[in-house]
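Student: Take a look at the following structure, please.
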Amino acid sequence: MSRFLLVHGAFHGAWCWYRLLAWLRAQGRRAEALDLPGHGRDRTPLEAVTLDAYVARVVQALDASPEPVVLVGHSMGGGVITQAAEARPQRLRALVYVAALLPRAGDTLLQLLQEVPVPEPAARMRLSEDRRRLWMNEPDLHARVYPDCRAEDAALAGLLLVEQATQPLLQPIRTTEAGFGRVPRVYVECRDDRAVPLALQRAMHARLPCRVETLATGHFPMLSMPERLGALLLEADARAG
């Protein structure tokens, strides 16, 4: 049986998957989420947080057990799972992008984010003077960042969000058809997304075709509709067989 490995996006950690993890495990499926370096409970210092460090963490998790993996990336995590797929295509059953960045070879994640202007209601971010870190500058997380999520989940985010190193956003992605290109891909669009706008989601998966599913939700379906997202992950696993 496949296992599901969930990779979070910028500022977040493994904690953001807790509702989806509970649902998948209730279906009898093996599912786990990890903290990328410098996120969640991981205390890697900012200067050591790189895209390569992110990928090494995912590869370590892929190699920890022999089962084939459905590798799921949210938001910035899409770039991480793309590069991890290049390193371990043989370990993967499918890649699932959840409102995620889907880079081509040579793209940086920052380039993708700059393709489509983020609407004003989206979360505002601040860049440090040395340009090495970003942080959320949004006092009303529930209304502006997690509008279709429960108030308690927005409150949880307010406690657990961390600064985001900029280096992982600046390193070009390196992929080949023999590596990343051989792994089946699914893209889960989020129709009401304020962080990765739908126009950008569609531009990315038009350039790297995927099987596409659409959810009528904002940027965090793992919190707003975990059962529906979970059903799509089970379907992705079944179709990959």
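Student: Taking amide H positions as placed in the peptide plane 1.01 Å from N, state which residues far from Arg93 in sequence (5 or more) or on other chains have amide H under 5 Å from it.
Tutor: Val69, Val70, Leu71
Student: Note down the net charge around Thr214, summing +1 for each Lys or Arg and -1 for each Asp or Glu among other residues with Cβ under 12 Å from its Cβ. Could you put the intermediate results ahead of the total?
Tutor: On the way: positive: Arg191, Arg202, Arg211, Arg228; negative: Glu189, Asp192, Asp193, Glu213.
Net local charge, Thr214 excluded: 0.
Student: If each DSSP helix of 4+ residues adds -39,500 (n - 2.57) and the sum is divided by the residues in the chain, what number results at 222 nm, nearest 500 deg cm²/dmol?
Tutor: -9500 deg cm²/dmol
Student: Could I ask something else about it? Could you list the residues of the range 39-57 with an amide nitrogen less than 14 Å from a label point located 7 Å from the Cα of Trp135 in the Cα-to-C-beta direction?
Tutor: Inside the label zone: 46.
Student: Right, something else. Fully extended, how many nm does the chain gain between Leu160 and Arg207 (0.36 nm per residue separation, minus their Cα-Cα distance)?
Tutor: 13.5 nm
Student: Considering the range 62-131, what Rg and Dmax in Å follow from its alpha-carbon atoms?
Tutor: So, for the range 62-131, Rg and Dmax equal 15.0, 45 Å respectively.
Student: Right, next: Please give the charge dipole size of the range 115-241, origin at the Cα centre, charges +1 on K and R Cβ atoms and -1 on D and E Cβ atoms. Round to the nearest 20 debye.
Tutor: Roughly 480 debye, rounded to the nearest 20.
Student: At 10 °C and 1.306 mPa s, what whole-number value in µm²/s does Stokes-Einstein give for the translational diffusion of the range 123-173, with Rh from the Kirkwood sum over Cα pairs?
Tutor: Details: Rh = 12.2 Å.
Roughly 131 µm²/s, to the nearest whole number.
Student: Based on the Cα atoms of the range 33-173, what semi-axes does the equivalent ellipsoid have, where each is the square root of 5 times one gyration tensor eigenvalue, given in whole Å with the largest first?
Tutor: Over the Cα atoms of the range 33-173, the ellipsoid semi-axes are 26, 18, 16 Å.
Student: Would you mind getting the Kirkwood hydrodynamic radius of the chain from its Cα pairs, rounded to one decimal in Å?
Tutor: Kirkwood hydrodynamic radius for the chain: 17.6 Å.
Student: State, as an integer percentage, the relative contact order of the chain based on alpha-carbon contacts under 8 Å between residues 6 or more apart.
Tutor: Working: 492 pairs, mean separation 56.8, N = 241.
The value is 24 percent.
Student: Pop out the ³J(HN,Hα) list for the range 221-226 in order, Karplus 6.51 cos²θ - 1.76 cosθ + 1.60 with θ = phi - 60°, rounded to Hz; leave Gly and Pro as x.
Tutor: So the Karplus estimates, Gly and Pro as x, are x, 5, 9, 7, 8, x Hz.
Student: With charges set only on the Cβ (+1 for Lys and Arg, -1 for Asp and Glu), what does the dipole of the chain come to about its Cα centre, in debye to the nearest 20?
Tutor: 520
Student: Average projected area of the Cα convex hull of the range 59-98, in nm²?
Tutor: 2.4
Student: In debye to the nearest 20, how big a dipole does the range 89-155 give about its Cα centre with +1 on each Lys and Arg Cβ and -1 on each Asp and Glu Cβ?
Tutor: Numbers: 10 positive and 10 negative charges, 80 e Å.
Dipole about the Cα centre, nearest 20: 380 debye.
Student: Could you tally the net charge around Glu163, taking each other residue with its Cβ under 10 Å from the Cβ of Glu163, Lys/Arg +1 and Asp/Glu -1?
Tutor: Counting the neighbours of Glu163, the net charge comes to +3.
Student: Ratio of the range 100-241's C-alpha Rg to 2.2 N^0.38 Å, to two decimals?
Tutor: Working it through for the range 100-241, the quotient is 1.13.
Student: Can I ask one more? For Met125 and Ala48, compute 0.36 nm times the residue count separating them, minus their Cα-Cα distance, and round to one decimal in nm. Could the numbers behind the result be given before it?
Tutor: On the way: separation 77, 0.36 × 77 = 27.72 nm, distance 2.14 nm.
Here the segment from Met125 to Ala48 would lengthen by 25.6 nm.
Student: Amide H neighbours of Glu213 under 5 Å, counting only residues 5+ apart in sequence or on other chains, H built in-plane at 1.01 Å?
Tutor: It is Tyr187, Val188, Glu189, by chain and number.
Values in this text are rule-based calculations from the coordinates and carry no lab data. Predicted, not measured: the structure shown is a model, and the values here were computed from it. Counting neighbours? That spans all protein chains shown, and the Cβs are built from the backbone with ideal geometry, glycine included.
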